[in-house]
Amino acid sequence: MTPWRGGERRPVEITRCTKHDYDQIVSELSDFWGHSENRTLHHPMFLNEFGDCAYVIRDQERVVAYLFGFIAHTASVGYIHLVAVRSSHRHLGLARRLYDHFTRVAVARGCRQLRAITNPKNAGSIRFHRSVGFDLEGMPNAEGIPVVVDYAGPGLDRVVFRKVLASAGDADRSR
């Protein structure tokens, strides 16, 4: 059970993102991000092509958190592209639950690591990823934040997160 605003407790259910959910998300980006400037990051391929790795949490019919990811089969990597929680539902552990869910899916599909990226100025994302066990790759920038120089093109450094996963077979052997 999870506390929703107003003290009411309801179970958290994570489901696949539907077209209706996707349309709601992209229509209300500023409720999740404080702006809608990152609309291009919400490419419909994350629903149409990688929909089996696009998840939402709803409060009744309203999407309150989502994660868009994909599995890179050739590299055994699960990649988390976007995760967001509606401003009204922050600090309830919803992003962590989405990450845990995606991690279980990735391990079941044979992934050996998870990866994600963010802008070096996104301190909240950096804190969150560290709190869920991700390491930062690269060399420290002027602010001391490890970055991969020119990751997104010339002059566009990014924080690259990596988390090594135990495989499903490793978990079975440790029992």
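What follows is calculated from the coordinates using simple rules that are stated; it is not laboratory data. For clarity, every value in this text was computed on a predicted model and none was experimentally measured. Cβ sites come from the backbone with ideal geometry, for glycine too, and all protein chains shown count toward neighbours.
For the chain, set up a GNM with springs between Cα atoms under 10 Å and report which of V63, V149, V159 has the largest fluctuation.
Answer for the Gaussian network model of the chain: V149.
Quick one: among F70, F50, F134, which has the greatest mean-square fluctuation in a GNM of the chain with alpha-carbon springs under 10 angstrom?
Most flexible of the set in this elastic network: F50.
Can you tell me, using C-alpha contacts under 8 Å and at least 6 residues apart, the relative contact order of the stretch 1-111 as a whole percent?
Values: 160 pairs, mean separation 26.3, N = 111.
Across the stretch 1-111, relative contact order equals 24 percent.
Sum -39500 (n - 2.57) across every DSSP H segment of at least 4 residues in the chain, then divide by the residue count to get the 222 nm mean residue ellipticity, nearest 500.
Rounded to the nearest 500, it is -7500 deg cm²/dmol.
Using the scaling law 2.2 N^0.38 Å as the reference, what is the normalised Cα Rg of the chain?
1.06
Of C111, V83, Q24, which is farthest towards the positive pole of the chain's charge dipole, taken about the Cα centre with +1 and -1 on the beta-carbons of Lys, Arg and Asp, Glu respectively?
C111
Using only Cα atoms, locate the centre of the stretch 80-154 and the centre of the stretch 40-72, then give the distance between them in Å, rounded to an integer.
The stretch 80-154 and the stretch 40-72 have Cα centres separated by 16 Å.
What is the set of long-range amide H partners of D59 at a cut-off below 5 Å, with H atoms built 1.01 Å from backbone N?
V64
Arrange the following residues from fewest to most other Cβ atoms within 10 Å of their Cβ: H91, H42.
Placing the least packed residue first, the sequence is H91, H42.
Tell me, in nm to one decimal, what length is gained between Y151 and Q113 on full extension, where the rule is 0.36 nm per residue of separation less the Cα-Cα distance?
Values: separation 38, 0.36 × 38 = 13.68 nm, distance 1.90 nm.
The span from Y151 to Q113 would gain 11.8 nm if fully extended.
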